[in-house]
Amino acid sequence: MSAQYFAQIDDNNVCTYVAVVQREFLEANPQRYTGRWVETFFDTEGKTYAGIGYIYDEVSEDFVASVSSVIESEEESENEF
Amino acid sequence: MPTTPYPFVSGEVLLASDLNAIQNLPLNDKTDSYTLEVADAYKRVVMNKATATTLTVNDSIFTTGDVIQVLNKGAGTMTITAGAGVTINTAGSLAVAQYGGGTLVALSASVFNFFSPTGSSYGTATGGSSSSITVGGQSYTLLEFTTDSTLTVTKAGLFDVLLVSGGGGGGAGRGSQGGGGGGAGSFIEQTIYLSANAAVDVGAGGAGGALGVVGTNGLASAVGTSANGVCGAGGGCGGTYVQTTNQNGQVGGNGGGSDGRSSGGAAASSAFGFNGGTSVQSTFAGSGGGGAGAVGVAGGNVSGLGSAGGAGKSLSTFTGGTVVTTIAVGGQGGDETTTRAATAGGANTGTGGGAGSGGGTVGAAGGSGIVYIRFKV
């Protein structure tokens, strides 16, 4: 059985932790896995693997890097060097 | 602290009280981890702390024949630890549970034997994927955990634990400079005493950096609690270029490598691992992340290709067998100008994520960690 990855997200949909855990174990141990958890996918094309601080988009059901981390646009970087 | 009259000096008149006193060794009480000193010879060092501690024996402190008695009356396991250049042999374990103890005998200034006639024996447990192994002629049951789980202790006692934490994410490349490779997760071996079931946490790998976005560190693997268990540290993410700043590789179990113009991250401690590489800027190729066995290779090599991550460590001394499996390798640094795609660390290897290249590729995620627990049978 391959590993599954679940991200814990807070009320603002910000990822606060990532666990390597089977869904059955996570659901059977709510005292250990408190709060909201959504699955994230490791090294999978078309999916962004969650990191702490990433934001969960409920529409696309995927994670995006924190806006505060993205502090320059692609265009700004093209002539840096 | 009371002192013993031993050693006696030439010409001294011995009294009955002197001879009686040498049967009553002074106590040296400690409430936290401690490094033995020369004055501890022929005394009893008593550890008393609710969480795990270490009792370190350094080189050239004691002379051949010196004896130190050690006791642990605290709830936290006390592990007798060899300092640099020191070897401590034992027929039992160097992990001393509550109310256990033993005697350290200096066979030379750097070689010791630990006798623990009343020491704890190994426990038994179930969980994870079980197999039978033989290491150094000793038979063990080996439990392998690739995801979070519970260790079910069926008999209290000692357990050998090997923890590998998640690798750090690789840094993205951009603007003709490669990102830094992610640091590997820490690789820790420790013997602990457990008398009840314990949580097993397998650390996730960190996310790779996107363009202009720093990746994330790997997460720690752990067994039990801070009072009775052991916890590692995730690898640091690799450096990358964000806005107008070259972000250094991050501190982690093993440090993240630098991008083409920055510094590598440090290991969280020398006990956890090695630093990431730092760019020497002959070119702007990225450095490798730190590995469990070596620092990451410095970036900026003249070829413009990213540098390799630091070497990992072999599992075979713990898991036995003839096949050498190396894990917890540092992530590869990114190339200066190519668009070579980064490679993610393998699942359950603790390997750092590869970095993106200067042509504008993203960093890859670090691999998740793994936990092994074994006990003698």
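Give me a comma-separated list of calculated 3J(HN,Hα) values for the stretch B:151-161, in order, Karplus coefficients 6.51, -1.76, 1.60 applied at θ = phi - 60°, integers in Hz, x for any Gly or Pro.
So the J values, rounded to whole Hz, are 8, 8, 7, 9, 8, 4, x, 8, 9, 7, 10.
Which whole-number percentage describes the relative contact order of chain B, with Cα contacts under 8 Å and a sequence gap of 6 or more?
15
Could you give each residue of the stretch B:34-42 its phi-based ³J(HN,Hα) in whole Hz, using Karplus coefficients 6.51, -1.76, 1.60 with θ = phi - 60°, and x for Gly or Pro?
Couplings: 8, 10, 4, 10, 4, 6, 7, 4, 6 Hz.
When A:Lys47, B:Lys30, B:Lys43 are ordered from fewest to most other Cβ atoms inside 10 Å of their Cβ, what list results?
A:Lys47, B:Lys30, B:Lys43
Please state the equivalent ellipsoid semi-axes for the stretch B:174-246: what are the square roots of 5 times the Cα gyration tensor eigenvalues, largest first, in whole Å?
35, 10, 8
Compute from the Cα atoms of chain B the Rg and the Dmax, the latter being the longest Cα-Cα distance, and quote both in angstrom.
Reported Rg and Dmax, both Å: 23.9, 84.
Please arrange A:Cys15, B:Cys231, B:Cys237 by counting, for each residue, the other beta carbons lying within 10 Å of its beta carbon, fewest first.
B:Cys231, A:Cys15, B:Cys237
Check which residues have an amide H placed less than 5 Å from A:Thr40's amide H, if you skip close sequence neighbours.
Counting only residues 5 or more places away or on other chains, the set is A:Tyr5, A:Phe6, A:Ala7.
For the charge dipole of the stretch B:121-377, defined by +1 on Lys and Arg C-beta atoms and -1 on Asp and Glu C-beta atoms about the Cα centroid, which residue among B:Gly157, B:Gln177, B:Gly215 has the Cα displaced farthest towards the positive pole?
Of the candidates, B:Gly157 comes out farthest on the positive side.
Across peptide A:42-53, how many C-beta atoms of other chains are within 10 Å of each residue C-beta, on average?
That average works out to 6.
Counting only DSSP beta bridges with both residues in chain B, what percent are antiparallel, rounded to the nearest 5? Present the calculation step by step, with values, prior to reporting the outcome.
Numbers: 54 of 75 bridges.
About 70 percent, rounded to the nearest 5.
Tell me, what HN-Hα J-couplings in whole Hz come from the Karplus equation 6.51 cos²θ - 1.76 cosθ + 1.60 at θ = phi - 60° for each residue of the stretch B:180-185, using x for Gly and Pro?
Using θ = phi - 60°, the values come out as x, x, x, x, 6, x Hz.
Quick one, what does Rg over Rh come out to for the stretch B:28-180 if you take C-alpha atoms and the Kirkwood Rh?
Answer for the stretch B:28-180: 1.10.
Over the whole of B:134-140, what's the average partner chain Cβ count within 10 Å per residue? Rounded to a whole number, please.
Numbers: counts 0, 0, 0, 0, 0, 0, 0.
Mean inter-chain Cβ contacts per residue within 10 Å come to 0.
How many times 2.2 N^0.38 Å is the alpha carbon radius of gyration of the stretch B:16-115?
Against the compact-globule rule of thumb, the ratio is 1.04.
At a Förster distance of 30 Å, what's the computed FRET efficiency of B:Thr87 paired with B:Val280, Cβ-Cβ distance as r, to 0.05?
0.20
Can you tell me the FRET efficiency between B:Asn20 and B:Phe115 if r is taken as the Cβ-Cβ distance and R0 is 35 Å, rounded to the nearest 0.05?
0.90
Sorted by mean Cβ packing within 10 Å, highest first, what order do the peptides B:66-78, B:341-353, B:175-187 take? Write down the numbers at each step before the final one.
On the way: B:66-78: 22.1, B:341-353: 29.9, B:175-187: 41.6.
The most tightly packed comes first, giving B:175-187, B:341-353, B:66-78.
Any lysines with Cα under 25 Å of the B:Lys73 Cα? List them, leaving off those in the same chain fewer than 8 positions away.
Correct list for B:Lys73: B:Lys30, B:Lys43, B:Lys49, B:Lys155, B:Lys376.
Ratio of the protein assembly as shown's C-alpha Rg to 2.2 N^0.38 Å, to two decimals?
1.11
Between B:Val9 and B:Ser132, what FRET efficiency comes out of the Förster formula 1/(1 + (r/R0)^6) with R0 = 45 Å and r the beta carbon distance, rounded to 0.05?
0.20
Would you kindly compute the Cα radius of gyration of the stretch B:230-301 and its largest Cα-Cα separation (Dmax), both in Å?
11.4, 42
Looking only at the protein assembly as shown, where both bridge partners belong to it, what percent of the DSSP beta bridges are antiparallel (to the nearest 5)?
Values: 69 of 90 bridges.
Bridges in the protein assembly as shown are about 75 percent antiparallel.
Taking the highest mean first, how do the peptides B:149-162, B:122-135 order by number of other beta carbon atoms within 10 angstrom per residue?
Top to bottom by mean Cβ count within 10 Å: B:149-162, B:122-135.
Considering every residue in B:198-211, what mean count of other chain Cβ atoms within 10 Å of its Cβ is obtained?
Per residue, the number of nearby Cβ atoms from other chains is 5 on average.
5 Å is the cut-off here: which amide hydrogens, built 1.01 Å from N in the peptide plane, fall below it relative to B:Tyr42, excluding neighbours closer than 5 in sequence?
B:Val67, B:Ile68, B:Gln69
Note down the nm distance, to one decimal, between modelled labels 7 Å out along Cα→Cβ at B:Thr154 and at A:Val59.
Taking the two extended label points, one gets 5.4 nm.
Any read-out appearing in this document is the output of simple, stated calculations on the displayed coordinates, not a laboratory observation. The structure presented is a predicted model; accordingly, all values stated were derived computationally and were not measured. Backbone-built Cβ (ideal geometry, glycine too); neighbour counts: all protein chains shown.
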